[in-house]
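> Structure below; questions to follow.
Just so you know, all these numbers are worked out from the coordinates, no wet-lab data involved. Note that the coordinates shown come from a computational prediction; the quantities given were computed from them, not determined experimentally. No Cβ is skipped: glycine too gets one built from the backbone with ideal geometry, and neighbour counts run over all protein chains shown.
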Amino acid sequence: MIGTRGVPAAYGGFETAVEEIGHRLVSRGHEVTVYCRTTGEASPRTYRGMDLVHLPSLHLRALETLSHTALSVGHLSRHRRPDVAFVFNAANAPFLPRLRRHNVPTAVHVDGLEWKRGKWGPVGRRYYRWAEEVAVRQADALISDAQGIVDYYQHEFAIPTDLITYGAKILREVPTDLVSDLGLVAGGYHLVVARFEPENHVDVLVEGYLRSGATLPLVVVGSAPYAAEYTSRVARLAASDPRIRLLGGVWNQDLLDQLYAHAVTYLHGHSVGGTNPSLLRAMGAGTAVLAWDVVFNREVLGSNGAYFQDAANLANLIEDAELSPHRTAEIGEGLQGRARALFNWESVTSGYEDLAMRLTEGYSTRGLSRGRTGHSAWSEAYKPTRHPSPAVVRRTII
């Protein structure tokens, strides 16, 4: 497994997926190697049965992922001959030809529509669009985590992708001690957990809270090492109201579980990704979700979600949640039931295992696409008006 920060998972969705899928594959009798970024701390050689290879990276936004993946692919080509490689993030597609030269069947998890993220300038956006085409041409299979991403690759490249989402951790009877240590009351705050990046709309979430008549405080977890200007904007907004608490990055997973489980609502502003792990975490915790209105979020939440597109809409939803606490709690329970039914790590692992077996038997989509099909206008105009049918939602698990 290549292209992430590695395990133990302490950063984002890819890392959580690698850990949850990897250790389950080990328990099913497979040998799993995970390439990890050197952190300066102790570098264990194994974790939950997975073999770990730690390599450095350049600490620059545009090069951190690429530099580490380059070293990882180089190490793999010299020291290992895996049956299958799972590469996470389409940005890493330029390294696929080297894997091909070593006859390693490769699947690429393409992630979301990275070229639409506000943190990238024109050069970065062009790079991601180009990397998508490289992934389509060079990978033996593509993995999407949402139906909207499947649709995008079908329309843009006429290429099929394997639809495999993430799993959700179901939380029950979660302690409150760590939340209490922060001076918070269980069931007495609203929560945001997100990287401070424009497409996650943290500033809109804070502004919506400020516009509301909420009586409960807002807790914001997150940071962004390469987005100082945006982070400053969020900080300025939060400074105007003492009820808003910016906790920064929180890496203690037990504390995060408690924060999710004991929030009245979870505010989710992500707009360009596929199935977002933070959203699933809130669902698994049984917390009501107020989400940015895009097809990816509607696919995950279904009819139990409440949706907004600006600060004014969000303000109304926050007020409604506080005015009807019993209804809000029922919505959270419904979302937890949905997470349990649709987003199961064992099923997700089976999807990866099945794809790996097909790849070892010669399955490949390489050569099925000759590049973009001329439907680029479709992707540019991708709007949050398309609501998935229940049948589409059921297809999100293989």
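> Using only Cα atoms, what Kirkwood radius does the chain have, in angstroms?
21.7 Å
> For helix 345-360, what angle does its Cα long axis make with the longest principal axis of the chain, in degrees from 0 to 90 and rounded to 10?
Result, in degrees: 20.
> Let me ask you something else. By how many nm would the segment from Leu368 to Glu133 lengthen if fully extended, with 0.36 nm per residue of separation less the alpha-carbon distance?
Stretched out fully, the Leu368 to Glu133 stretch lengthens by 83.4 nm.
> Please get the size of the charge dipole for the chain, origin at its Cα centre, with Cβ charges of +1 on Lys and Arg and -1 on Asp and Glu, quoted in debye to the nearest 20.
So the magnitude is around 1220 debye.
> Now for a separate question. So if a site counts as exposed when it's one of the GluC sites (Glu not before Pro), its DSSP state isn't H, G, I, E or B, and it has at most 14 other Cβ atoms within 10 Å, what's the longest stretch of the chain without one?
Formally, the longest exposed-site-free interval is 174-360.
> Something else about it: For the stretch 177-342, what is the relative contact order in percent, using Cα pairs closer than 8 Å and at least 6 residues apart in sequence?
Rounded, it is 26 percent for the stretch 177-342.
> Can you give the longest run of the chain that contains no trypsin sites (Lys or Arg not before Pro) sitting in a DSSP loop with at most 12 other Cβ atoms inside 10 Å?
173-369
> In degrees between 0 and 90, to the nearest 10, how far off the longest principal axis of the chain does helix 147-157 point, with axes built from Cα atoms?
40 degrees
> Take every DSSP beta bridge with both residues inside the chain and express the antiparallel ones as a percent of the total, to the nearest 5.
So the antiparallel bridges amount to about 5 percent of the total.
> Separation of the stretch 292-326 and the stretch 35-86 by C-alpha centroid, Å?
Taking the Cα centre of the stretch 35-86 as reference, the centre of the stretch 292-326 is 39 Å away.
> Would you mind checking the stretch 205-233 for residues with the amide N under 11 Å from a putative spin-label position 7 Å along Cα→C-beta of Leu323?
Answer for the stretch 205-233: 213.
> Quick one: compute the contact order of the stretch 273-356, relative version, from alpha carbon pairs under 8 angstrom and 6+ residues apart, as a percent.
With pairs under 8 Å counted, the relative contact order is 36 percent.
> What percent does the relative contact order of the chain come to when contacts are Cα pairs within less than 8 Å and at least six residues apart?
Taking the mean separation of contacting Cα pairs over the length of the chain, I get 18 percent.
> Take Met1, Met50 and order them by how many other Cβ atoms sit within 10 Å, fewest up front. Present the calculation step by step, with values, prior to reporting the outcome.
Working: Met1 27, Met50 23.
Least crowded to most crowded, the residues run Met50, Met1.
> Let me ask another. Could you run the Karplus curve 6.51 cos²θ - 1.76 cosθ + 1.60 with θ = phi - 60° over the stretch 251-268 and give me ³J(HN,Hα) per residue in whole Hz, x for Gly and Pro?
Ordered by residue, 3J(HN,Hα) equals 9, 6, 5, 5, 5, 4, 4, 5, 4, 5, 5, 10, 7, 6, 9, 10, 9, 10 Hz.
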